[in-house]
Amino acid sequence: MTDLLNSIYPWIKALHIMAVLAWMAGLFYLPRLYVYHAERAVVGSELDQTFQVMEEKLLRVIMNPAMIVAWIAGLIMIGLGAFDWGSVWAWVKLLSVIGMTGAHGWMAARRKEFAQGQNTRTGRTYRLFNEVPTVLMVLIVIAVIVRPF
């Protein structure tokens, strides 16, 4: 059984990294779409409809599945003993991933507001929010690779 776990661990890790890359691409791109949507599209216009299709497909087809796969693969790796719960880096990563999931949820809620023609936020808000996934990604990578704490 140990041989089986040792042989699948690299595959689970590879799957986790691929899913995180896809998820992060969406987390970086969706707020940029919101910036242009908020600044350039009039509710009900053809441009508004175009942005809504792009945002919905990005979220539903790429981001949601990637987030789910990243979480499942991460939990499997935790189950296989990849985390040292006595180390601060593991907690920093876990809390940052929870924060990333919260950011994802915030973006999904904003998509629904755009779809209902009820966005009240400016492009500036979305520009600022675009930095949240970046900061969390930096924390995660440093925590996992450098392990300074």
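The values are calculated or read from the model by the stated rules, or taken from the named source; none is laboratory data. Please read all numbers here as calculations on a predicted model, not as lab measurements. Note that each Cβ is placed from the backbone with ideal geometry, even for glycine, and that neighbours are counted across all protein chains shown.
Based on this model, can you work out whether V92 counts as surrounded by 13 or more Cβ atoms within 10 Å (Cβ to Cβ), closer than 23 Å to W11 by Cα, touching a residue at least 12 places away in the same chain (Cβ under 8 Å) and of a type in the set (A, V, I, L, M)?
Working: surrounded by 13 or more Cβ atoms within 10 Å (Cβ to Cβ): yes; closer than 23 Å to W11 by Cα: no; touching a residue at least 12 places away in the same chain (Cβ under 8 Å): yes; of a type in the set (A, V, I, L, M): yes.
No, not satisfied.
Return yes when I17 is among the aliphatic types (A, V, I, L, M) and over 18 Å from L139 (Cα atoms) and no when it is not. Explain how you work it out, then say what you get.
Details: among the aliphatic types (A, V, I, L, M): yes; over 18 Å from L139 (Cα atoms): no.
Judged against the criteria, I17 is not a match.
Would you mind finding the one in D48, D84 that is among the charged types (D, E, K, R), farther than 30 Å from R110 by Cβ and either over 17 Å from the mean Cα position of the chain (by Cα) or surrounded by 13 or more Cβ atoms within 10 Å (Cβ to Cβ) (or both)? If you could, list the steps in order and put the result at the bottom.
Numbers: D48 fails: farther than 30 Å from R110 by Cβ.
Residue meeting the stated conditions: D84.
Give all pairs with beta carbons closer than 9 Å in which a residue from the range 113-132 that is charged (D, E, K, R) and surrounded by 11 or more Cβ atoms within 10 Å (Cβ to Cβ) meets a residue that is assigned to a loop (DSSP other than H, G, I, E, B) and modelled with pLDDT of 95 or more; count only pairs at least 6 apart in sequence or on separate chains.
E113/N119; E113/T120; E113/R121
Output the helices (runs of 4 or more DSSP H) that fall wholly within the range 54-149 and possess 3 or more residues being in contact with a strand residue (DSSP E or B) (Cβ under 8 Å, 6 or more places away or on another chain) and of a type in the set (A, V, I, L, M, F, W, C), or say none. Before you say what the answer is, go through the steps one by one.
Details: elements: 64-79, 88-115, 123-129, 131-141.
Output list is empty.
From the list A22, A14, A41, exactly one residue is small (G, A, S) and closer than 19 Å to G102 by Cβ. Which is it? Talk me through it step by step, then tell me what you get.
Numbers: A14 fails: closer than 19 Å to G102 by Cβ; A41 fails: closer than 19 Å to G102 by Cβ.
Of the residues listed, the single one that is small (G, A, S) and closer than 19 Å to G102 by Cβ is A22.
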